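Accompanying notes for the structure given below.
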Amino acid sequence: MAANEHQPRADAADVKPTTLSRDLVSLTKPRIISLLLVTTVMPMYAAGSPTWITVLLVMVGGYLMAGGANAVNMYLDRDIDDVMARTRLRPIPSGRMAPIQVLAFGVACATLATWMLAYFVNVLTGMLALAGFYFYVFIYTRWLKRSSPQNIVIGGAAGAFPPLVGWAAVTGTLDVTALLLFLIVFYWTPPHFWALALLKQVDYGRARVPMAPLVWGERETMHQMVWYTIILLALTLLPVLYGAFGLFYALSAIVLGALLMGGVWRVLQAARQGAPWTGPAWWVYKYSLLYLALLFLAMAIDRAITR
C-alpha cells in the first residue's frame, strides 16, 4: 500500500463538496452502467415476454453486479488513478475513502447481486452475471490492463455478458442468438474504447497502461478500429439471415452501422491527410454509445412488431 494512499491529491478548489452516499454511487459508475442495463434488458424483450418484476429484479441485480465490479476496479487501480487527470478525483485517490472500504463495498454488491439473481430469477442468470464480474476484475483489470495492448479486446468480453444475463433470465438457457449478441458487444468494444484511448494517450502513458495507440501507434490503432467495425457490422446482420430478427431490425442495423463506419473511416482519413482527427474521434466515441443502445432497442422493437 502506497504511503500517500490516503492523502488527497487534488487541490481543494478542484474537489466539489461530496457525501459518503455520493461517493458510493460514484464507485458504481452509473453512467457506464446505464448502457449495460440497456444491453441487458432489451435482450429480455427480444427473447420473450418478461414480467415487470423479472425485469426489475434483473435491473437491480445487474446494477449491483456491475457496480460492484466497478468499485473493485477502483480498488485495484488506485495507484494509477492517482496519476491520471480524469480519475484523480475518485474517492480513493482524493483521500475521501480508504481502499478497504471500497473493496468491501464492491464485494458486498456483487455478493448481494449473485444471491438476488440466482434466487429470484434463476441460477444461470446469477452465474453469468458473476462470471462477468470475475472476468472484469481478474482477467481485464488484474491481468490484461497493464500487460497487453489487447487488454480491451480480450478484457472487453466482460462487458459482453449483460446480453447473456438478460437472455438467460427469460429463457433459462442460451442459444445461437444469445451468443451473437455477446459477440456484437465484444466487437463493438475495441473501436469504441480505442477512440477514447487515442484521445487520452497522455493519461495512459503517465500511468504506464499499454493501450493500443501507445504500443501500436495511432495509425495502426485506427486501422484496427476499421477492421473491428467491419466485423461488427457483419455480426449485427447475421441474426437476420436465419430469421431471429426481421426487417425493422435489419434496416436499423444497416443505418446505424453505416453511420458508425463512416465515423471510424473519417478518423483514419483525417490522420492520413495530416488533418486534425480528435474531433472525429470524439464523435466516434460518443456516437458508439448511442449506436449500441439504439441497436439493442431495435431488437426489442422488432420482436414486438413480429410477435
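Table for the structure above
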| read-out | value |
| --- | --- |
| Computed magnitude of the charge dipole of the chain (debye, nearest 20; Cβ of K, R +1, Cβ of D, E -1) | 360 debye |
| Net dipole in debye of region 17-174 [+1 Lys, Arg Cβ; -1 Asp, Glu Cβ; about Cα centre; nearest 20] | 300 debye |
| Positive minus negative residues near residue 204 (Lys, Arg vs Asp, Glu; Cβ under 15 Å) | +1 |
| Taking all pairs of distinct alpha-carbon atoms in the chain, Kirkwood radius in angstrom | 20.2 Å |
| Distance between modelled label sites at residue 215 and residue 119, nm, 7 Å Cα→Cβ extension | 4.2 nm |
| Nearest-0.05 FRET efficiency for residue 273 and residue 19, computed from C-beta distance (R0 41 Å) | 0.25 |
| Charge dipole (debye, nearest 20) of region 188-307; +1 at Cβ of Lys and Arg, -1 at Cβ of Asp and Glu | 140 debye |
| Point-to-point label distance, residue 85-residue 100, nm (Cα→Cβ direction, 7 Å offset) | 3.5 nm |
| Region 189-307 - convex hull of the alpha-carbon atoms, volume per residue in Å³ | 97 Å³ |
| Footprinting exposure proxy for 96, 90 (fewest neighbouring C-beta atoms within 10 Å first) | 96, 90 |
| Ordering of 166-175, 20-29, 195-204 by packing [mean C-beta count within 10 Å, highest first] | 166-175, 195-204, 20-29 |
| With 10 Å bins from 0: P(r) over region 54-191, alpha-carbon pairs, percent | 13, 38, 34, 14, 2 |
| Pairwise Lys count, the chain - Cα closer than 21 Å, eight or more residues apart or different chains | 6 |
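Read-outs: derived from the displayed coordinates by stated rules, not from any lab. Just so you know, these numbers come straight off a predicted model, no measurement behind them. In this analysis, Cβ positions are derived from the backbone assuming ideal geometry, glycine residues included, and neighbour counts consider all displayed protein chains.
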